[in-house]
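Have a look at the structure below before the remarks.
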Amino acid sequence: MTEETGLQAVELAFREAARLGYRTVKFKYAGGEPTLNFSTVIRIAGAAQVLSRETGISLEGVVLSNGFSLPDRMIPWLVQTNTQLMISLDGLGMYQDVQRQRPGGKPTFRYVLRTLDRLDRFGLKPRISITVSRHNLPGLPDVLRFVLERGYPFHLNFFRENPFAQDAASMSIPPEDLIIGMLAGYQVVEQCLPEQPLLGALLDRVRLDIPHNRPCGAAQSYMIVQPGGSVTLCQMSDERVGDLQMRNPMDAIRRRRDGLLNPMVYDRGRCGQCFWQYACAGGCPLLTFRTYGRYDHPSPYCSVYQALIPEVLRLEGKRLLRNEVRSGR
Ligand code: SF4
């Protein structure tokens, strides 16, 4: 992305936020790999800070990185600008290497570990994003132990088939296997209960801390600006809505009646009667459509959510009780 395109995107986002009455704008600097274009990120983020001050709309920023390598100047910049860093780490050793590779199939784990060690020396704890697939599920307990022992905030995602994933068919997991693998990971969480609340961390797309009736902001309050300036709906889809010259892109995004839709949970078939509807909201709509050819249907991971949500609540309960004991109450 050029600086010019990035600055146009920032202006458009604040203009739309002001027009629609939003109080916060969140920018995710993602790719590709944003650390490879870090000078542009700095300038875009600087422009966003200026507009935030001018408009009174608060600003959040997060850099999503594969963690292979961070420019030296990036670490103090993240601290000074209060920008979050999220690093993808899907496993230790071969479990990371099989899922995330450098060009030519080269392994990546040692590079990510080197980055984490560098960040540790600055006292900077990135958020760790763990994407669970068939390839790395057996290594989930070990990577969770690593993350918990180092005190990183983290969250778990399930791999979702998408047009950009290589070898997608071999990465999907049958729900029964996924439940067993996740429970093995939860045992480690129970042994090393963290400081961070678990209600939004342990289960893909599920938030037990914030009641919600859609699983994400796609087609509602979210847009992707591609490097060339196209506006799309979701990073998992290449559906184009327009470009940065559009006058009111959020109106165009919300008024569409075909392509990617994101219905409320009440319009997702039996989700409307589900006890967990405000925690789960039906799961990723795009995955549901790709699986069943319709949006008014529960997630293909429904049985996983139903099996694991009570476990997440139990673990959070144990964490809170542990904190009570520690504080002597
Ligand atoms: S658990 Fe299943 S039925 Fe309940 S909201 Fe989620 S996808 Fe829908």
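Scanning the range 182-197 for residues that are among the acidic types (Asp, Glu) and more than 22 Å from the chain's Cα centre (by Cα) gives a single hit, 190. For the criterion of being modelled with pLDDT under 95 and touching a His at 6+ places or on another chain (Cβ under 9 Å), residue 232 fails. With respect to residue 56, determine if the residue is touching a residue at least 60 places away in the same chain (Cβ under 8 Å) and not aliphatic (A, V, I, L, M). No; evaluated as a whole, the condition is false for this residue. For the range 262-320, name all the residues that are within 9 Å of the ligand (Cβ to nearest atom), under 16 Å from residue 158 (Cβ atoms) and in a helix (DSSP H, G or I). Matches in the range 262-320: 279, 280, 288, 302, 303, 304, 305, 306, 309.
Here the helices (runs of 4 or more DSSP H) wholly within the range 1-101 that include at least 3 residues being assigned by TED's automatic domain parsing to the domain that holds residue 181, charged (D, E, K, R) and in contact with a helix residue (DSSP H, G or I) (Cβ under 9 Å, 6 or more places away or on another chain) are 3-20.
The values are calculated or read from the model by the stated rules, or taken from the named source; none is laboratory data. In this text the structure is predicted, and so the values were computed from the model without any measurement. Cβ atoms come from the backbone with ideal geometry, glycine included; neighbour counts cover every protein chain shown.
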